[in-house]
Structure formats: C-alpha cells, structure tokens
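The block underneath contains the structure these notes are about, expressed in structure tokens.
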Amino acid sequence: MDLADCFPASYTASRERFLAAARALAPRLGTTLDSRALEVRGPDGGTLALDLALFGARRPTHALVVSSGTHGVEGYAGAAIQHHVLAELLPRLRLAEGTAVVLLHALNPYGFAWGRRVNESNVDLNRNALEHFDASLCDPDYERLFDALNPPDLDPAAEALRWGRVDAFVAEHGERRYQQVAMGGQYRHPQGVQYGGAGREASVRHLLALVTEHLANARSVRWLDVHTGLGASGDCEVVTGASPDSDCYRFSTEVWPGWIRSAASGESLATPLHGLLDRGIEAALPSGCRFAFGFPEFGTYEPMRMIRAIRTDNWLHAHGDRDDATGRAIRAEMLEVFAPASHDWRRRVVATGASLVGQALAGLPGATLPPP
Ligand SMILES: [Zn+2]
C-alpha cells in the first residue's frame, strides 16, 4: 500500500476504517473498544466520538499509546499513522501478557469533522488540560493586538491596517514573540483565537477518564500525540511540555533518542504553552508509572501562513458563512495548511510516524515485532 493512501478522506471515513480494522484484529490480539460520543454532530449529521481501541492486555502493565486529532483538522496526519499501524504493524505484533497497544482516534472529533483546530466550544484542547482556570490569564500583547488577531471583518483596507500593526510588532519584538502571543493560549476571550476554556472540556474529561480506567495498573506508558503545522515541510520534531530536568523528559529521550524538544525550555520550535495535554495525562496515571510522551509535530507551511489561517477560520466561525465562496476558501486553506495534499508530504509523515512507533515498540516490555 502507498503510504499516502493511509490518509483518510474525512473524519467519518477515518472513523469507520479505524473501527473496522480494530475489530478485524480482535481474534489475534483481543481488541477492547471504548467510544465516548459528544453531544454535537458532524457536518454529515453523523456521530462524533473519541474512540479507544486497546490491543492486548485489558489492564496493561506496559502500554504504547498513539493518539490523533487533538487539534481536529490535524487529525488527518495522526489518523494516517494509526491506519498504517493497524494495517502493517499490529497484524505482525506479538504481545505478552500484561502489554498493550492503545490507539485513540480523534481526541477532538468536532474539529476533525468540521475542519477546525479547536473544538465545539472554540477551545484549543491542548491548552485545556489545567487543574485551575484563571479567566484573567491573557498575554498583555494579545490584548494590544486583539483586533489584529481577531478581526471583526475582512474588509481589505481595515485588514491592511491590522497587518501593518502585526508587521510593526514583529519588527520590534521578532516573529517568535508574535508566535508566542498568538499561539500561547488565553483564557479571557471565548471567541478569540487560542482560547483555552473556562473548565475542562468534554473531550479532555473523556480522555482523562479513559486513561484512569484503562491504564490504572500501568507501570510504564509511552505515548505519541500527533500534530501538524510548525516546522519546515515534512520535517518532524517531537515536542514535550515536560521540562528538561524532569523524569518524563529523561524517559522520553530514552525512548526516542535525539527527537525530544521541550517547549518549556526554548529548545523547540514551539514557544511555551499553557495547559498542555501531556501534563494532564501524567497527573491521571497511577503514581510511580514511568511516562514517556511526545507530540510529533510535522511541519507544513511557514508560521505566519498558519497563524493567518487560524485567525481567518476563527473569523469565519464567529462572523462568516462557511458555505459561501469566502467560507469555502477559508476552509480549503485550513485543510491545506494542516493536512497538505502533497503526495510526498503525506508519505514522509506516515514513514516518520511509523518509525517513531517502531522505536517505542522496540523498547516496550512484552512486545515483539517480527520483520515483515
Ligand atoms: Zn497541533
């Protein structure tokens, strides 16, 4: 199979393929399925759900987890890697008693289905895994650039003025500082870009409940949560929210040597971020469990194009019509920026994703992957 063919055509097509492949592996690996549906529906009226497929031990001691779609539309890439794992790796894999592989399809099924990074409440789930929410938390520069980040209209003259202010800001403080202001997360403006929420969203609650339930006996967990956007086209860096002096960081660098970059320390292309999912997951795991975690981030286009797409998508959701010509163009740009159509890009994503999964499996106690 051509690796690019692992990319699904839509959320619904991906979900159906995922569930069918997981069920087909039941006789070999003993599949457990656990689906948590949202109240909202997809654009086709269909169910939106976070689907867990667990292969092997019911309450594993050692587990590898691969999750997709935290940022909705970025789920095409994560799901493609999962479809490759289902088709090529799991049919060969042997799992000893106590070991499991867990695939979590579409942590943010709404965003995946509707082509947005955020969820049904305009919340970025990867800024939402906090214990406490502070509604005043918002970068002062975000406030200063509010209209430029959250335009009330797309009038060309007004837009030129707003982009002039962004250019002046970037000239004074640098593009990286602008990226941090635009992407770091804010908890004050529910309709604004990069809103982190006022409490844990249903998808984050479902995810942490699944972790608490299925990984209650885990002594080691290796976890990849796949993203797209930042970085040169097709390149990958594996970002972690953990600081370099933490056990999580050290174990992650053991599992994926040479790959891990901490967002907290400035060694990553990502700037420091609030409310990252890995921090919430680690807190939900049993105490003493070793935890290796990475967000593989596959580069697509330059950061300014990505921020521009997110900003315009946010305008569309708040003020526009998704089915008129402007709306369709904005949605097409979101898809291209986070799931590029390029055949080569898609092949590279699946190949790199498969090798990261292979590295994690190689060190997973009780897992044996014979060569094809
Ligand atoms: Zn992402």
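Every number here is computed from the coordinates shown, using simple stated rules; none is lab data. Predicted model only: the values in this text are computed from it and were never measured. So basically every Cβ, Gly included, is an ideal-geometry build from the backbone, and we count neighbours across all protein chains shown.
Considering only Ala362, Ala26, Ala160, the mean-square fluctuation computed in a Gaussian network model of the chain, springs between alpha carbons under 10 angstrom, is largest for Ala160. Relative contact order, whole percent, for the range 299-368 stands at 28, derived from Cα pairs under 8 Å and 6 or more residues apart. For the chain, the residue among Ala37, Gly184, Ser342 whose Cα projects farthest onto the positive side of the dipole built from Cβ charges is Ala37. Entry note, the chain: relative contact order of 22 percent, from Cα contacts under 8 Å with a spacing of 6+ residues. Within the chain, the longest run free of exposed loop sites, counting GluC sites (Glu not before Pro) that sit outside DSSP helix and strand states (H, G, I, E, B) and have at most 14 other Cβ atoms within 10 Å, spans 132-266. Reducing the range 212-284 and the range 317-348 to their Cα centroids gives an inter-centroid distance of 27 Å. The mean sequence separation of alpha-carbon pairs under 8 Å and at least six residues apart, normalised by the residue count of the range 38-86, gives a relative contact order of 18 percent. Each residue of the range 18-26 was assigned a 3J(HN,Hα) from its phi angle through the Karplus expression (A = 6.51, B = -1.76, C = 1.60, θ = phi - 60°), giving 4, 5, 5, 5, 5, 5, 5, 8, 4 Hz with x at Gly and Pro. On a C-alpha basis, how far is the centre of the range 1-75 from the centre of the range 120-162 in Å? Whole number, if you could? A separation of 31 Å, based on Cα centres. Between helix 343-362 and the chain there is an angle of about 40 degrees, using the helix long axis and the longest principal axis of the Cα atoms.
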